[in-house]
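Read the figures in this text as sums done on the coordinates, not as results from a lab. Given the structure is predicted, the values throughout are model-derived calculations rather than measurements. Because the Cβ atoms are built from the backbone with ideal geometry, glycine has one as well, and the counts that use them run over all protein chains shown.
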Amino acid sequence: MQFTAKLTSISKFSEVPGEVMPFVQFQANLKKVELKGNEEVAILQIEGTDCYHPVVLKGAKLGAIEKELADIDAKLSAEARAKLKKVLKE
């Protein structure tokens, strides 16, 4: 079964809601990225679950985001893909 990831928000790291922060910190640690507060982060919510998949947007590529999601049996919703494509200027 493939899940759908919808875009819930794009905000600065320092403005990420508390309930999502552990997901952001986990991804940052996993990717060895140090977040200082002003980095833009896209928050994707995996529909049908309580999970979030945050993406640090600096240097991100849409194809890489889609690959990450495929690795966890998820895909971007059409709306999320369109918004990210616009934000990433791809």
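Could you derive backbone 3J(HN,Hα) for region 36-46 from the dihedral phi with the Karplus parameters 6.51, -1.76 and 1.60 (θ = phi - 60°), listing whole Hz in sequence and x where the residue is Gly or Pro?
Per residue, the Karplus-derived 3J(HN,Hα) values read 9, x, 9, 6, 7, 10, 8, 10, 9, 9, 7 Hz.
Run down the aspartates and glutamates and flag those whose C-alpha is under 12 Å from the C-alpha of Lys85, throwing out any fewer than 8 positions away in its chain.
Filter leaves Glu66.
Counting other Cβ atoms within 10 Å, which chymotrypsin sites (Phe, Trp or Tyr not before Pro) in region 22-61 have at most 14 and lie in a DSSP loop?
Values: sites: Phe23, Phe26, Tyr52; in loops: none.
Qualifying residues, ordered by number: none.
Among the listed pairs Lys31/Lys58; Lys67/Lys89; Lys36/Lys86; Lys32/Lys83, which are separated by more than 22 Å between their Cα atoms? Walk me through the numbers before you get to the answer.
Working: Lys31/Lys58 13 Å; Lys67/Lys89 18 Å; Lys36/Lys86 24 Å; Lys32/Lys83 26 Å.
Pairs exceeding 22 Å: Lys36/Lys86; Lys32/Lys83.
Per DSSP helix of 4 or more residues, -39500 (n - 2.57); summed, then divided by the residues of the chain. What does that give at 222 nm, rounded to the nearest 500?
Working: 3 runs with 31 residues, N = 90.
Estimated from H runs of four or more residues: -10000 deg cm²/dmol.
Could you pull out the longest piece of the chain with no exposed loop trypsin sites (Lys or Arg not before Pro) in it, calling a site exposed if DSSP puts it outside H, G, I, E, B and it has at most 14 other Cβ atoms within 10 Å? Kindly include the intermediate steps, with their values, before the conclusion.
Values: sites that count: Lys31, Lys32, Lys36, Lys58, Lys61, Lys89.
So the longest stretch without any such site is 1-30.
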